[in-house]
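Written out below as structure tokens is the structure these notes cover.
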Amino acid sequence: ELKVEQNPLFLSMQEGKNYTIYCNYSTTSDRLYWYRQDPGKSLESLFVLLSNGAVKQEGRLMASLDTKARLSTLHITAAVHDLSATYFCAFSNAGGTSYGKLTFGQGTILTVHP
Amino acid sequence: EAQVTQNPRYLITVTGKKLTVTCSQNMNHEYMSWYRQDPGLGLRQIYYSMNVEVTDKGDVPEGYKVSRKEKRNFPLILESPSPNQTSLYFCASSFWTGASPLHFGNGTRLTVT
């Protein structure tokens, strides 16, 4: 069974600072997704990472995947208030009969203060 | 406009009264799935469907049913709702190539009393 541990669960940052959210997963996975959810809203996709060493960047956010360490990170650079949201990582099993099964982390609630 | 449409947005019902939450997508996606979101637990997958007539259990399927008779629709059925199914539900769809992210509906907030 695929388990996902996301940390921290709560993150309070000052504007301009850098920080990293971590996602550890328990078994082989070849698909990693990051999503953002604003309060009271649905989820929107941020990144899709498909191979070991994959790195993607969009604005102040950068995501990476290390399949050997079973770890993905979401790095925030020079945080701004607009980044305040809940961030989820999600993994799917690498092939097999549970091909479409998707497991989400618990979510990290990020608050950026002036 | 490409979208995933869930209905209703809000639903209050009583224990044991069968209900259906509809989900429809207009992007010709093969893959559709249902999730429930509870505080502190993130999203948990209930059921997913790789294509028409192909469905499989996620992590929390107990108490739920689904069907996929048409590619665009994937309804979630609660035959006998109970209070522990009070939650926020999301439907999502994608092309299942691995490189495609999920497109989520706006959510259905269900309260079972």
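Numbers for the structure displayed
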read-out	value
The stretch A:13-32 - residue that is farther than 20 Å from residue A:102 by Cα and open to solvent by less than 80 Å² (accessible area, probe 1.4 Å) and, of those, farthest from the other protein chains (Cβ to nearest Cβ)	A:16
Among residues of the stretch A:33-87, those that are without any contact (Cβ under 8 Å) to a residue 60 or more places away in the chain, farther than 25 Å from residue B:39 by Cα and open to solvent by less than 40 Å² (accessible area, probe 1.4 Å), counted	4
Single match in B:13, B:22 (criterion: over 21 Å from residue A:44 (Cβ atoms), within 12 Å of the chain's Cα centre (by Cα) and surrounded by fewer than 20 Cβ atoms within 10 Å (Cβ to Cβ))	B:22
Given (1) at pLDDT 95 or above; (2) assigned to a strand (DSSP E or B); (3) within 30 Å of residue B:6 (Cα to Cα), index of the condition residue A:56 fails	(3)
Of all residues making up the stretch B:83-113, the number that are part of a strand (DSSP E or B) and closer than 28 Å to residue A:54 by Cβ	7
Residue in the stretch A:65-110 that is farthest from residue B:44 (Cα to Cα), counting only those that are at pLDDT below 90 and hydroxyl-bearing (Ser, Thr, Tyr)	A:67
Residue among B:5, B:20, B:55 that is closer than 27 Å to residue A:3 by Cβ and assigned to a strand (DSSP E or B)	B:55
Residues (open to solvent by 60 Å² or more (accessible area, probe 1.4 Å) and under 15 Å from residue B:30 (Cα atoms)) located in the stretch B:56-70	B:56, B:69, B:70
Some residue of the stretch A:46-55 being of a type outside the set (Lys, Arg) and in contact with a Gly (Cβ under 9 Å, 6 or more places away or on another chain)	yes
Selection count where residues are open to solvent by less than 10 Å² (accessible area, probe 1.4 Å), out of contact with any Ser or Thr (no Cβ under 8 Å at 6 or more places or on another chain) and at pLDDT 95 or above, scope the stretch B:25-45	3
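The values are calculated or read from the model by the stated rules, or taken from the named source; none is laboratory data. It should be emphasised that the depicted structure is a prediction, and the values quoted were computed from it without experimental measurement. Glycine gets a Cβ as well: all are built from the backbone with ideal geometry, and neighbour counts include every protein chain shown. When the accessible area is computed, the model is the full protein with side chains, heavy atoms only, and any ligands, DNA or RNA have been set aside. Shrake-Rupley method; radii C 1.70, N 1.55, O 1.52, S 1.80 Å.
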